[in-house]
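Asker: Quick one: this structure, given as structure tokens, is what I'll be asking you about.
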Amino acid sequence: MNAPILQFVWHGEIVTLPNVPPTRTLLQLLREDLGHSATKEGCNEGDCGACTVVLAEQKGGT
């Protein structure tokens, strides 16, 4: 079985993180693993929308 990989675009750059535990939040990854401390937690309840993430698939080769 392949290790879980998280891949996303951050400020125009592709970021690939292997072996991401399913219990780790995106906020934890951005702040703790990638050092983006400007990223803040909102309400911690899922009500305010601060934690919204846009999901998409890349089409074509670019």
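Asker: Can you find, within segment 19-51, the residue that is farthest from residue 5 (Cα to Cα) among those that are of a type in the set (Lys, Arg) and assigned to a loop (DSSP other than H, G, I, E, B)?
Answerer: Here the answer is 40.
Asker: Residues in segment 49-56: is at least one surrounded by 10 or more Cβ atoms within 10 Å (Cβ to Cβ) and modelled with pLDDT of 85 or more? If you could, list the steps in order and put the result at the bottom.
Answerer: Narrowing segment 49-56 to residues surrounded by 10 or more Cβ atoms within 10 Å (Cβ to Cβ): 50-51.
Now narrow it down to the ones that are modelled with pLDDT of 85 or more: none.
No: segment 49-56 contains no residue that is surrounded by 10 or more Cβ atoms within 10 Å (Cβ to Cβ) and modelled with pLDDT of 85 or more.
Asker: Right, something else. Counting only residues that are in contact with a strand residue (DSSP E or B) (Cβ under 9 Å, 6 or more places away or on another chain) and outside any loop (DSSP other than H, G, I, E, B), how many does segment 1-18 have? Quick ask: steps written out before the conclusion?
Answerer: Initially, segment 1-18 is screened for residues in contact with a strand residue (DSSP E or B) (Cβ under 9 Å, 6 or more places away or on another chain), giving 3-9, 14-18.
In the following step, the residues that additionally are outside any loop (DSSP other than H, G, I, E, B) were identified as 5-9, 14-18.
Qualifying residue count, segment 1-18: 10.
The values are calculated or read from the model by the stated rules, or taken from the named source; none is laboratory data. Predicted, not measured: the structure shown is a model, and the values here were computed from it. Positions of Cβ are generated from backbone atoms using ideal geometry, with glycine treated the same way; all protein chains shown enter the neighbour counts.
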